[in-house]
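We did not get these values from a lab; they are worked out from the coordinates using the rules stated. Note that this is a predicted model, so its numbers are computed, not measured. So basically every Cβ, Gly included, is an ideal-geometry build from the backbone, and we count neighbours across all protein chains shown.
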Ligand SMILES: C[S@@+](CC[C@H](N)C(=O)[O-])C[C@H]1O[C@@H](n2cnc3c(N)ncnc32)[C@H](O)[C@@H]1O
């Protein structure tokens, strides 16, 4: 399982590049022909393995809602991957966007195969770097959570710094305007967007910029830090 970083091809580590150059086959889990992330992943591989790699493309089965549907989807995915792996010889690579340890299912999915894991630069590291931030305050804690949880439970009382990923519901719109926000979308890519400021001052702008970009590209990846001042 190779972490390929959150967007910029230069986010790949030397270890990741060496691993890509040494594997026999690349497994790609794809959601459909218009999957722009799949195209980005391919471009990253092509940059470091100019001759290309033999590919096994597995169409990611559709995922239903609810615990039973998700369990069925996981089982189906695992069955597809296992049977494809059994047909191959040598070492297979799976690419994890960003770092495989954060909101990525590959390590869990492949656990029965005891995968070797190569870390990558996650969207969290990319966000901090692009805003020139230290995520924690001296000796403090940082919570990484999802937009859904933030929307459901509000800004947690026990921490001052919260990194939010997977936010389809614009959870920041409902929070105290005195918080600071450091927002980044499509980090590390040519479409990168950065906005920072007092939440009450910039949230409408973020919502506007985000919605226009989502409309233009058809998908959105954003991450942000919320900071109690
Ligand atoms: C399924 S998670 C994968 C996270 C990934 N494993 C990582 O380490 O960054 C997808 C979420 O990561 C964040 N993300 C990934 N790439 C990003 C990028 N280039 N810019 C902003 N956010 C990104 C977004 O919050 C997105 O909803």
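Rounded to the nearest 10 degrees, the angle from helix 67-86 to the longest Cα principal axis of the chain is 40 degrees.
Helix 199-217 axis versus longest C-alpha principal axis of the chain: approximately 30°, rounded to the nearest ten. Calculated over the stretch 20-60, the projected area of the Cα convex hull averaged across directions stands at 2.7 nm².
Provide, for q = 0.18, 0.23, 0.26 Å⁻¹, the log10 of I(q)/I(0) from a solvent-free Debye sum over equal Cα point scatterers in the stretch 92-133. Debye output, listed in q order: -0.54, -0.75, -0.87.
If you take the Cα centroid of the stretch 104-164 and the Cα centroid of the stretch 29-84, the two points sit 23 Å apart.
Global size of the stretch 47-140: 17.2, 52 Å for Rg and Dmax (C-alpha atoms, Rg to one decimal, Dmax whole). Projected over every direction and averaged, the convex hull enclosing the alpha-carbon atoms of the stretch 135-196 yields 4.9 nm².
Sorted on the mean count of surrounding Cβ atoms within 10 Å across their residues, most packed first, peptides 160-166, 65-71, 180-186 read 180-186, 160-166, 65-71. DSSP finds beta bridges in the chain, and of those with both partners inside it, around 50 percent are antiparallel. The residue 158 and residue 191 beta-carbon pair, evaluated with R₀ = 30 Å, returns a calculated FRET efficiency of approximately 0.30.
Based on the convex hull around the alpha carbon atoms, the chain presents an average projected area of 13.7 nm². Model label points for residue 91 and residue 229, set 7 angstrom from Cα along the Cα-to-Cβ axis, are 5.0 nm apart.
Could you work out how much longer the chain between residue 130 and residue 31 gets when fully extended? Use 0.36 nm per residue separation minus the Cα distance between them, nm to one decimal.
Details: separation 99, 0.36 × 99 = 35.64 nm, distance 2.91 nm.
That works out to 32.7 nm of additional length.
Each principal axis of the Cα cloud of the stretch 120-229 was taken in turn, and the coordinate range along them, longest first, works out to 39, 30, 23 Å. Counting only alpha carbon atoms, the long axis of helix 36-48 and the longest principal axis of the chain meet at about 60°.
Sequence gap at least 6, Cα distance under 8 Å: using those rules, report the relative contact order of the chain to the nearest whole percent. Dividing the mean separation by the residue count of the chain yields 21 percent.
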